[in-house]
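Note sheet for the following structure.
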Amino acid sequence: MAKSSTGNAGPGGRTGVRIVVAGDRGTGKSSLICTAATENFPTNVPPVLPPTRLPEDFYPDRVPITIIDTSSRVEDSVKLGEELRRADAVVLTYACDQPATLERLSGFWLPELRRLEVKVPVIVVGCKLDLRDELQQISLESVMSPIMQNFREIETCIECSAARQIQIPEVFYYAQKAVLHPTGPLFDQESQTLKPRCVRALKRIFIICDQDKDGALSDEELNYFTVSF
């Protein structure tokens, strides 16, 4: 995976996180990136942005982010595949006002990531939240739950609006967090259970904190847990 050559090492010794943004044409990829970097909604944005860097002080982990914009044109598919294979995390976009782009996630984009053997966290992002038809308001959970059941590589889902500055920083925060603090070593997505080593570690921590051995943590023992772990 790509790493930046500058900045202090963050969790896991990382000095950079490379996030690739992909999705159908017109779903708001470039506007999302530009708004995250400048905190302003662009009136004119090129079809594909050059690599965009968020500085190390942008998020609490103090690890710089490089965001790669991509083209969904057929003639650019080779370059798209190359960028996806180099990603530390992938942001897949759909447009909240274009239901067909949401269907394309499970119909094309997520299977394409598997075909390319891209095995990194995926953040699904619904852009243009401000343009959604008010008569078609449905919960994100109800829409995404079936997709997430079939594609366990999806780390989280979020909806945003670049035009109204709604949840733009959160998109890349979640992507960075998925790389720096992965749940994979702790949680089995297939069985939806904690992994055995994680269970053993938690039991060990409980035994250490349960100083009076009564099988429950008192307020004092909970405070000890908070301070020590």
- request: May I ask you to verify whether Val118 is under 24 Å from Thr15 (Cα atoms), aliphatic (A, V, I, L, M) and either modelled with pLDDT of 95 or more or more than 16 Å from the chain's Cα centre (by Cα) (or both)?
  value: yes
query: Is it true that some residue in region 215-223 is at pLDDT 85 or above, surrounded by 10 or more Cβ atoms within 10 Å (Cβ to Cβ), assigned to a helix (DSSP H, G or I) and in contact with an Asp or Glu (Cβ under 6 Å, 6 or more places away or on another chain)?
result: no
- request: Only one of these is within 23 Å of Ala178 (Cα to Cα), surrounded by 14 or more Cβ atoms within 10 Å (Cβ to Cβ) and at pLDDT below 95: Glu112, Glu153. Name it.
  value: Glu153
message: I want to confirm something. Restricting to region 167-182 and keeping residues that are under 12 Å from Arg14 (Cβ atoms) and among the hydrophobic types (A, V, I, L, M, F, W, C), which single residue is surrounded by the fewest Cβ atoms within 10 Å (Cβ to Cβ)?
response: Leu180
- request: Any residue in region 192-221 that's free of Cβ contacts under 8 Å to residues at least 40 places away in the same chain: show its pairings with residues that are surrounded by 12 or more Cβ atoms within 10 Å (Cβ to Cβ) and polar (S, T, N, Q) at Cβ separation under 7 Å, as long as the two are six or more apart or on different chains.
  value: Glu221/Gln211
statement: Being modelled with pLDDT of 95 or more and among the polar types (S, T, N, Q) narrows Ser161, Ser145, Ser139 down to just Ser161
message: Need pairs with beta-carbon distance below 6 Å; first residue in a strand (DSSP E or B) and within region 153-164, second among the small types (Gly, Ala, Ser); sequence gap 6+ or separate chains.
response: Glu155/Ala178; Glu159/Gly126
message: Under 6 Å between Cβ atoms, which residue pairs at least 6 apart in sequence (or on different chains) link something in region 88-106 that is outside the structural domain of Val171 (by TED's automatic domain parsing) and without any contact (Cβ under 8 Å) to a residue 24 or more places away in the chain with a partner that is buried (at least 22 other Cβ atoms within 10 Å of the Cβ) and assigned to a strand (DSSP E or B)?
response: none
task: May I ask you to list the residues in region 8-62 that are crowded, with 20+ Cβ neighbours inside 10 Å, touching a residue at least 40 places away in the same chain (Cβ under 8 Å) and hydrophobic (A, V, I, L, M, F, W, C)?
output: Val17, Ile19, Val20, Val21, Ala22, Leu32, Cys34, Ala36, Leu54
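The values are calculated or read from the model by the stated rules, or taken from the named source; none is laboratory data. Quick caveat: nothing in here was measured; it's all calculated off a predicted structure. Glycine also receives a Cβ, built like all others from the backbone with ideal geometry; neighbour counts cover every protein chain displayed.
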